[in-house]
There are 2 protein chains.
Amino acid sequence: MAIPFADRLNNVETSAIRELFKLLGKPGIISFAGGFPDSAMFDVDGIREATSAALAKDPGAALQYGATEGFNPLREQLAHFMAQKGAKDVVPEQLIVTTGSQQALDLLGKTLIGPGDKVIVEGPTFLATIQCFRLYGADLVSAPIDGDGVQVDKLEQLIAEHRPKFVYLIPTFGNPSGALLSLERRRRVLELAVKYNTLIVEDDPYGDLYFGEAPPPSLLALTPEVPGSRDLLVHCGSLSKVLSPGLRVGWMIAHPELLAKATMCKQFSDAHTSTFAQATAAEYLRAGRMPATLDKVRRVYAQRSHTLCEALRRELGDAVSFVQPQGGLFVWARLTGAGGKVTDGNTYAKQAIEQGVAFVPGAPFFCAEPDHATFRLSFATVSEDKILEGVQRLAQAL
Amino acid sequence: MAIPFADRLNNVETSAIRELFKLLGKPGIISFAGGFPDSAMFDVDGIREATSAALAKDPGAALQYGATEGFNPLREQLAHFMAQKGAKDVVPEQLIVTTGSQQALDLLGKTLIGPGDKVIVEGPTFLATIQCFRLYGADLVSAPIDGDGVQVDKLEQLIAEHRPKFVYLIPTFGNPSGALLSLERRRRVLELAVKYNTLIVEDDPYGDLYFGEAPPPSLLALTPEVPGSRDLLVHCGSLSKVLSPGLRVGWMIAHPELLAKATMCKQFSDAHTSTFAQATAAEYLRAGRMPATLDKVRRVYAQRSHTLCEALRRELGDAVSFVQPQGGLFVWARLTGAGGKVTDGNTYAKQAIEQGVAFVPGAPFFCAEPDHATFRLSFATVSEDKILEGVQRLAQAL
């Protein structure tokens, strides 16, 4: 039989990156292709203790169905976690727990996007956001970025022209760009929200992974400075990059009416996020282990980022350009063509695999007008000696 | 601002049942309203040991991102679990793990249902199925049931008339009906699938909760008897009712092409189900504790069901009619009006709350032509002495 699939599936295709990932099984390959944290840094003892505490304290609650909005002890801990990061007025009722922040994106799609609706995203942006929103029929508009994040003048033009359902940004160490939206631009974004009465979605899975000084406050934390902006801001957070992706614990903060509709949609999506994982996360946060965990991952990723950037400059010279990230997991680079070297990220990725090193070409991260010279390197899971060897191979592949 | 919600939200309303549930906080109330297993029966020690084993064996894998299709050790255990239940030819690759079986329904909606598409469901059926499919724009058609499950002659007429995207059934101890589809009818359903080239979705969260003899084989296990039916059958399973809802571990078995599209949709819904919960479930199944757990829950629920049904007959007499369930969590009853007693389930529910006992009126479980005289009682979480007291209150409320 021909299965009668819904038309919405025509809006997406399985990722171009997937094809490349099939090649990663090659023995001895050094991979800068991942987009995930290093398993070796998971605080396994802390998580084991948190689970034991959750099962000792109230096993019935940890293993039973729970409220769609989330497990209350976790909502309390997450509100406290947000307060420590500058969003001091977040109360647990303003926050729902999601099955990773990916589900927050899905719920925003389900709640807000109808076929043909415009949504503005950064060019480049997170690949699974593009696909997620397109499944709901979004007509995506690409807002250009530079080393300081989204270009706000261009963003204003696009908002005025397209009147989008919402604007989706990863302002802090974005995937794939690694860019950090400046404080000045953050204020401008909130002002644009108010001026055009437009929802802004701030996806912030990487904000805690800074290497030196803390980044500017999140858009959420800045809303008190821009009257009227709080109701227009949606903030998505996640424990995936800082504690463990396997828990699948994310959260969303939004206007109560939007949160209520998202909760209704979540009820029919997965009823609720695993209470077992939520109770574990709540106990982990309550135990006060997060600051030490963050210190450790920041230190390790900072060192790896430094090593990678130094090596790229030394080994690849002016054949590539990039802005050294101040946090996150990624270096976003561009082939300049200097010295007649390769200028296509996809071609370069194939040549690199031949040399035993992998990364992700940048074009698929654009919803429109891809820059084919770009590519993304993640340093998060590669040890320093492997980074050095990997960059030598990158040089050989040029 | 008025939040620009998507049109699809107009297809659903927050549950009528929800209003009733708000009254459940009343002190001293005896509740037959729940649809969940008894927390007191969770095998907490077994789950604790399973988590310890998962974190000891491969903590990196248990806490890291995982394949969207599911954690392979769990897929292997679930294939084995299905084989023990008669679906002997299921291999791990034919099965994806879902975030509870609710997510399987959501993925079927996302993958198959477009606005206006017909889907046949039982009348009555699971409330969250109705809402989930309507969010994708389904035009639901209600197929009548009796004590032996869906009436297959009527089902054939409806399939022929409406040519639905698929037929959704809970053939074994369905929610809310508690009905058991007979072996004869199971074969007929599979024959209809082939005759009309129509997908059949078998939702089977309750099949393991039988009180006496095992029920007839699942539709999935019967497909070898009806050539061509296997490709047309989707089977959804869950650990929620037999082990723990809080793990949020369900699964879906379907034609490879459908499974591939559902996996793609899942990638953008929540990336994957919690690997932490999946690794725990895999270790639990591997440890061989499930048979003893199932023996225990079957025994306790059987006793509670027996006590409830005896008491209903004794205390309510011919004012209600019902088919005594052979498994599951529910008694589905109907007010007969005998002796001039109340005939409206919603009115009766309100009167019952006044008397300190709660249940769910039946009308919302119908996608069309509700039978307002019906109501659902769950015996799963109520001790036997409370059951007796609760039924006395039900009698007073008549």
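Couple of notes before you dig in:
- CD proxy at 222 nm, helix term only [per DSSP H run n ≥ 4: -39500 (n - 2.57); per residue of the protein assembly as shown; nearest 500]: -13000 deg cm²/dmol
- For residue B:332, solvent-accessible area (1.4 Å; no DNA, RNA or ligand), Å²: 40 Å²
- Gyration tensor analysis over the Cα atoms of region B:35-174 returns equivalent ellipsoid semi-axes of 35, 18, 15 Å (largest first, whole Å).
- Extent along principal axes [Cα atoms of region B:195-265; Å; largest to smallest]: 34, 34, 15
- Between residue B:11 and residue A:88, the FRET efficiency from the beta-carbon distance, with R0 = 41 Å, is close to 0.60.
- Under conditions of 4 °C and 1.567 mPa s, region B:216-336 yields 72 µm² s⁻¹ as its translational diffusion coefficient, taking Rh as the Kirkwood radius over Cα pairs in the Stokes-Einstein equation.
- Quotient of C-alpha Rg and 2.2 N^0.38 Å, computed over chain A: 0.98
- Calculated on the alpha-carbon coordinates, the convex hull of region B:79-149 measures out at 120 cubic angstrom per residue.
- Each Lys and Arg Cβ is given +1 and each Asp and Glu Cβ -1; about its Cα centre, region B:176-239 then shows a dipole of about 240 debye.
- Protection-proxy order for peptides B:124-134, B:335-345, each taking the mean of Cβ atoms within 10 Å per residue, highest first: B:124-134, B:335-345
- Computed from the C-beta positions of residue B:2 and residue B:257, the FRET efficiency with R₀ = 41 Å rounds to 0.50.
- Long-range tail of P(r) for region B:269-398 (Cα pairs > 26 Å, %): 37 percent
- Viscosity 0.890 mPa s, temperature 25 °C, Stokes-Einstein D of the protein assembly as shown from Kirkwood C-alpha radius, µm²/s: 89 µm²/s
- Largest-first principal axis extents, alpha carbons of region A:308-365, Å: 29, 25, 21
- Only Lys, Arg (+1) and Asp, Glu (-1) charged, at Cβ; chain B dipole about Cα centre in debye: 360 debye
- Cut-off 15 Å between beta-carbons: net charge of the residues surrounding residue B:161, Lys and Arg +1, Asp and Glu -1: +1
- Region B:41-119: C-alpha pair distances exceeding 19 Å, %: 57 percent
- Environment charge at residue B:77 (Cβ cut-off 10 Å; Lys +1, Arg +1, Asp -1, Glu -1): 0
- Magnitude of the charge dipole, the protein assembly as shown, Cβ model with Lys/Arg +1 and Asp/Glu -1, debye to 20: 340 debye
- Here is the size of region B:279-349 from its Cα atoms: Rg then Dmax, 18.0, 56 Å.
- Angstrom value of the Kirkwood radius, inverse mean 1/r, which spans all Cα pairs in region A:323-398: 12.9 Å
- Alpha-carbon Rg/Rh ratio, for region B:153-233, with Rh computed the Kirkwood way: 0.96
- Rg over Rh [alpha-carbon atoms, Kirkwood Rh] for region A:355-398: 1.05
- Calculated diffusion of region A:232-296, Stokes-Einstein form, Kirkwood radius summed over Cα pairs, 37 °C and 0.692 mPa s, µm²/s: 247 µm²/s
- Proximal lysines to residue B:296, defined as alpha-carbon separation beneath 21 angstrom and excluding residues fewer than eight positions away on the same chain: B:85, B:241, B:386
- With the simple model of a label 7 Å out from the Cα in the direction of the Cβ, residue B:45 to residue A:58 spans 2.5 nm.
The values are calculated or read from the model by the stated rules, or taken from the named source; none is laboratory data. As the structure is a computational prediction, the values presented were derived from the model and not from experiment. Cβ coordinates were reconstructed from backbone atoms using ideal geometry, including for glycine residues, and neighbour counts include every protein chain displayed. In case anyone asks, the SASA skips ligands and DNA or RNA and just uses the protein heavy atoms, side chains included. Shrake-Rupley method; radii C 1.70, N 1.55, O 1.52, S 1.80 Å.
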